[in-house]
Structure formats: C-alpha cells, structure tokens
1. Is the shape of region 54-105 rounded, prolate or oblate, going by the alpha carbon gyration tensor and its root eigenvalues a ≥ b ≥ c, with a/c under 1.5 for rounded and a/b larger than b/c for prolate?
2. Please determine, in degrees from 0 to 90 and to the nearest 10, the orientation of helix 35-44 with respect to the longest principal axis defined by the Cα atoms of the chain, where the helix direction is its Cα long axis.
3. Tally Lys and Arg at +1 and Asp and Glu at -1 over the other residues with C-beta under 13 Å from the C-beta of Val49: what net charge comes out?
4. If each DSSP helix of 4+ residues adds -39,500 (n - 2.57) and the sum is divided by the residues in the chain, what number results at 222 nm, nearest 500 deg cm²/dmol?
5. For the chain, with only Lys/Arg (+1) and Asp/Glu (-1) charged at the beta-carbon, what is the dipole magnitude about the Cα centre, in debye rounded to 20?
6. For Met1 and Val23, compute 0.36 nm times the residue count separating them, minus their Cα-Cα distance, and round to one decimal in nm.
7. Among the GluC sites (Glu not before Pro) in region 1-101, which ones are in a DSSP loop with at most 12 other Cβ atoms within 10 Å of the Cβ? Mind listing them?
8. Using amide H atoms built in the peptide plane, which far-off residues or other-chain residues are under 5 Å from Ile103 H to H?
Amino acid sequence: MNVLFDQCTPVPLRRFLVGHTVVTAFEKGWNTKENGDLIREAETAGFEVLLSTDTNLKYQQQVRGRLIGIVVLTSTSWPKIQLKIPEVVVGVETVGRGGYLEIQI
C-alpha cells in the first residue's frame, strides 16, 4: 500500500509500516501544500492512505468518500505515538479508500 505522511507525522513511524511504501510530503516536494491541495495531489499520484496529525482536517476538508483513506493521529509526540503503534498499523491497513479514522493518542 502507498502511504503518504503529511508534514508533521513523525518519520520514525514509517519503519513500523512493514510491507507498505511510505513517502513523506517533504520527499515529494509537497510540504508547503495546503491540506486540500495535498489530498488532491496524493489521490492523483495513487496514494491509498494519508497519515496526518492535523486534527482540524475533518473540519476543513471533505474527508469521507475520497479516493484516499485518511488516518489522523491526535498528537505529534513521538513518545506518545510509540505507545499506539499497533493501533496505527491496523488503522493504516484497514481504513480503506474514502475512509476516515482518528486515532486518539
């Protein structure tokens, strides 16, 4: 599965998404894109999941019914996220295209 990390998603998380191709918005040169543009670019590029830490995303964008699944972590704190890695992995693997999942950190 092709997974895109937005700008604030902790990069060390990628090593736990075994079997998935993980790319950051920075690596794609999309780190300055606004959320709506980032989601559209990700969909066009064939990403299946966007992993974000922007809890306002659901208020700013249409998040359901898209071509990409969106998983939002409610914290950017890597030590806190580490405690929820199994839940994050399951979320990425099950959100499905057009789905939205928020993981409470």
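1. On the way: a/c = 3.53, a/b = 1.45, b/c = 2.44.
Oblate.
2. It is inclined by approximately 80 degrees.
3. Details: positive: Arg14, Arg66, Arg97; negative: Asp6, Glu43, Glu48, Glu93.
Local charge sum for Val49: -1.
4. Values: 5 runs with 33 residues, N = 105.
Calculated from helices alone, the mean residue ellipticity at 222 nm is -7500 deg cm²/dmol.
5. Values: 11 positive and 11 negative charges, 26 e Å.
About 120 debye.
6. 6.8 nm
7. Values: sites: Glu27, Glu34, Glu41, Glu43, Glu48, Glu87, Glu93; in loops: Glu34, Glu48.
When the GluC sites (Glu not before Pro) of region 1-101 are filtered for loop state and at most 12 Cβ neighbours within 10 Å, Glu34 remain.
8. Here Val72, Leu73, Thr74 satisfy the definition.
Rule-based calculations on the coordinates, nothing more; no lab input. Bear in mind that the values here come from a model prediction, so they are computed numbers and not experimental data. Cβ coordinates were reconstructed from backbone atoms using ideal geometry, including for glycine residues, and neighbour counts include every protein chain displayed.
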